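Notes follow once the structure below has been shown.
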Amino acid sequence: MKRLLMIAFHFPPLAGGSGIQRTLRFVQHLPALGWQPLILTADPRAYAKTSSDLLTDIPASTVIQRSFALDSARHLSLRGRYLGWMARPDRWVSWKWAAVRDGMHLINTFKPNAIWSTYPIATAHLIGASLQRESGLPWIADFRDPMAQDGYPSDRATWNSFKRVEEQATELAAACVFTAPGAVRTYQKRYPKAASRMHLIENGFDDESFVRPAEQTEALNPGKLTLLHSGVVYPSERDPLPLFAAIAQCIQDGRVSRERLRVRFRAAVHEDMLASLVRQHCLHDVVELCPALPYREALVEMLRADALLVMQAANCNEQIPAKLYEYLRAGRPILGLTDPCGDTANALRAAGIASIAALDSASDIAARLPQFLSQIESHQADLPHPGAVNAASRHSRSQTLARLLNHITDGLTLPRGNL
């Protein structure tokens with residue numbers, strides 16, 4: 001059994017954020033594939049919210065080191081303000097100092113064969129780079145999202161710090177892993193000397209978590225059609241304004257029944273923004289704003305929805321919401337509001353989902369929505385293809401990671417981007 005030191009900020013008992021699932025499910029599946037994870041994460045004091053619902057999913061044999069870390073915004077601010085350097089590359093940069101010390105202790109004690117770190121949070125890659133330098137172990141840098149992008153982060157000093165982190169990763173890491181094809185292509189162009197060390201391992205779903213209790217089989221709103229968006233609604237990256245305008249227009253034109261439609265936002269985080277849009281478009285009896293649920297209860301809700309709603313703006317064309325893979329496993333009709341040219345749209349089409357409209361176009365959504373609702377009522381809406389669903393399981397993604405780790409630690413040559 002080989003050992004892998006995994007550096008991840010997002011790990012139970014952190015509450016919220018789909019990034020938890022990527023690391024947690026690797027931890028579950030890698031031991032059966034010949035790799036025993038060692039976890040280096042942050043002390044729970046660094047988390048704004050915690051929940052115990054996923055702690056039991058961590059295998060009992062897993063070694064976990066929770067290193068001292070503070071959130072600059074909550075712990076180091078004075079009247080809500082703090083110095084900029086205290087949040088570069090992110091607000092948890094204080095995690096680095098204890099984590100490098102604790103990481104070297106884990107390396108000296110357990111003799112891992114490789115190091116893996118995952119962004120976001122960027123500080124995880126700083127820790128990975130430091131441990132690679134001190135230990136000489138091969139390092140895999142996992143990018144769940146692209147880092148330095150056009151216009152993001154908006155603060156120039158933070159953008160520069162992000163750029164330095166990704167430059168360091170492409171220089172030192174034995175492999176850089178991305179979750180969307182567009183991100184792989186962009187980084188291969190940005191860092192051509194490291195292009196052969198850049199690979200794709202998409203997000204996925206945990207099949208064992210999809211257990212529908214027998215007593216929870218009825219529709220969310222019996223007698224109505226409920227579209228569910230589960231997860232964060234970002235003001236820019238998932239701007240819901242065109243959707244609200246389209247719904248209001250369709251109701252006004254008589255193409256959609258106000259009494260028949262419900263749109264539920266679960267754990268959107270930006271509820272104030274959504275509530276304002278509800279008032280602006282007079283949709284108080286159509287839109288439901290609901291608080292977060294424990295993970296498995298949220299999955300049950302997906303299974304009970306009449307359809308699932310995914311939103312991803314064109315400024316995130318090189319990203320695929322991790323929630324999309326759980327949507328595919330839920331087996332419900334999906335309405336994709338996203339740029340038809342982006343990775344999210346491509347992933348939907350590859351799974352057999354053709355109901356796609358541009359998120360930034362109220363007219364495009366208004367043209368697609370009545371047709372989509374009619375297809376649901378007549379049981380003619382597209383459902384995800386079983387083959388695409390099976391390929392997206394977390395076990396399948398873990399097999400891909402294990403192959404990459406084996407090639408790196410065994411000194412084998414891996415074809416560019418092909419795992």
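The values are calculated or read from the model by the stated rules, or taken from the named source; none is laboratory data. Here the structure is a predicted model, which means the values were calculated and not measured. Cβ coordinates were reconstructed from backbone atoms using ideal geometry, including for glycine residues, and neighbour counts include every protein chain displayed. Keep in mind that these areas ignore ligands, DNA and RNA; they rest on the heavy atoms of the full protein, side chains included. Shrake-Rupley method; radii C 1.70, N 1.55, O 1.52, S 1.80 Å.
Kirkwood hydrodynamic radius of region 35-78, from the reciprocal of the average inverse Cα-Cα distance over all distinct pairs: 12.3 Å.
Along the axis of the charge dipole computed for the chain (Cβ charges of +1 for Lys and Arg, -1 for Asp and Glu, origin at the Cα centre), the listed residues 201, 346, 380 are led at the positive end by 201. Annotation: amide H-H contacts under 5 Å for residue 287 (H modelled 1.01 Å from N, sequence separation of 5 or more, or interchain): 263. If you run the Gaussian network model on the chain, springs between alpha carbon atoms under 10 Å, then out of 170, 186, 123 the most flexible one is 186. Sequence-ordered 3J(HN,Hα) estimates for region 192-201 from the Karplus curve with 6.51, -1.76 and 1.60 and θ = phi - 60° stand at x, 5, 9, 4, 6, 9, 10, 9, 10, 9 Hz, glycine and proline given as x.
Applied to region 295-307, the Karplus parametrisation 6.51 cos²θ - 1.76 cosθ + 1.60 on θ = phi - 60° returns per-residue 3J(HN,Hα) values of 3, 5, 5, 5, 5, 4, 4, 4, 5, 8, 6, 6, 7 Hz, with x for Gly and Pro.
Two decimals is fine: what's Rg over Rh for region 84-124, C-alpha atoms, Kirkwood radius as Rh?
1.06
When only alpha carbons of region 207-274 are considered, Rg and Dmax amount to 14.8, 44 Å.
Model label points for residue 73 and residue 60, set 7 angstrom from Cα along the Cα-to-Cβ axis, are 3.9 nm apart. To the nearest 10 square angstrom, how much accessible area does residue 320 have with a 1.4 angstrom probe? Surface accessible to solvent at residue 320 totals approximately 10 Å².
Summing charges over all other residues whose Cβ lies under 13 Å from the Cβ of residue 257, with Lys and Arg as +1 and Asp and Glu as -1, gives +1. Mean-square fluctuations from a GNM of the chain, with a 10 angstrom spring cutoff on Cα atoms, peak among 405, 78, 324 at 78.
The lysines within cross-link reach of residue 2, meaning a Cα-to-Cα straight distance under 30 Å and a gap of 8 or more places when in the same chain, are 96, 111, 193. Between the Cα long axis of helix 156-172 and the first principal axis of the chain there is an angle of about 60°, rounded to the nearest 10. Dipole magnitude for region 186-267: about 440 debye, using +1 per Lys or Arg Cβ and -1 per Asp or Glu Cβ, origin at the Cα centre.
Charge tally for residue 394 (other residues, Cβ to Cβ under 12 Å; Lys, Arg +1; Asp, Glu -1): -2.
Ratio of Rg to Rh for region 56-101: 1.15 [Cα atoms; Kirkwood radius as inverse mean 1/r over pairs]. The phi-based Karplus calculation (6.51 cos²θ - 1.76 cosθ + 1.60; θ = phi - 60°) puts the 3J(HN,Hα) values of region 226-243 at 10, 9, 10, 10, 9, x, 5, 10, 7, x, 9, 5, 9, 4, x, 3, x, 4 Hz, whole numbers, x for Gly and Pro. Along the chain, the longest continuous region that contains none of the GluC sites (Glu not before Pro) in a DSSP loop with at most 11 other C-beta atoms within 10 Å is 1-214. Within the chain, DSSP assigns beta bridges of which about 5% are antiparallel (rounded to the nearest 5).
Hydrodynamic analysis of region 134-199 uses the Kirkwood radius over alpha carbon pairs. Inserted into Stokes-Einstein at 4 °C and 1.567 mPa s, it gives a translational diffusion coefficient of 106 µm²/s. Largest first, the residues 79, 332 sort by 1.4 Å accessible area into 79, 332.
From largest to smallest, the equivalent ellipsoid semi-axes obtained for region 261-419 from the alpha-carbon gyration tensor read 33, 18, 17 Å.
The calculated P(r) of the chain, using every Cα pair and 20 Å bins from 0, goes 26, 57, 17, 0 in percent.
Amide H contacts of residue 36: 2, 3, 4, each under 5 Å away and 5 or more positions distant or on a separate chain (H built 1.01 Å from N in the peptide plane; Pro and chain starts excluded). For the residues 176, 341, a 1.4 Å probe over the protein chains yields an accessible-area ranking, largest first, of 341, 176. Dividing the mean sequence gap of close Cα pairs (under 8 Å, 6+ apart) by how many residues the chain holds gives a relative contact order of 15 percent. Amide H contacts of residue 67: 41, 42, 43, each under 5 Å away and 5 or more positions distant or on a separate chain (H built 1.01 Å from N in the peptide plane; Pro and chain starts excluded). Taken about its Cα centre, the chain carries a charge dipole of roughly 1040 debye when the Cβ of each Lys and Arg holds +1 and the Cβ of each Asp and Glu holds -1. Within the shell defined by Cβ-Cβ distances under 9 Å, the residues around residue 359 carry a net charge of -3, with Lys and Arg each +1 and Asp and Glu each -1.
When the alpha-carbon atoms of region 172-250 are used, the pair Rg, Dmax equals 20.4, 58 angstrom.
A Stokes-Einstein calculation at 4 °C with viscosity 1.567 mPa s, built on the Kirkwood radius of region 1-139 over Cα pairs, returns a diffusion coefficient of 85 µm²/s. The residues of region 71-147 have, on average, 43 Å² of accessible surface per residue, using a 1.4 Å probe with all protein chains present.
Note on the chain: with a GNM built from Cα contacts shorter than 10 Å, the maximum mean-square fluctuation among 374, 396, 117 falls on 374. The dipole here belongs to region 22-132: it is taken about the Cα centre, uses +1 on the Cβ of Lys and Arg and -1 on the Cβ of Asp and Glu, and is about 380 debye.
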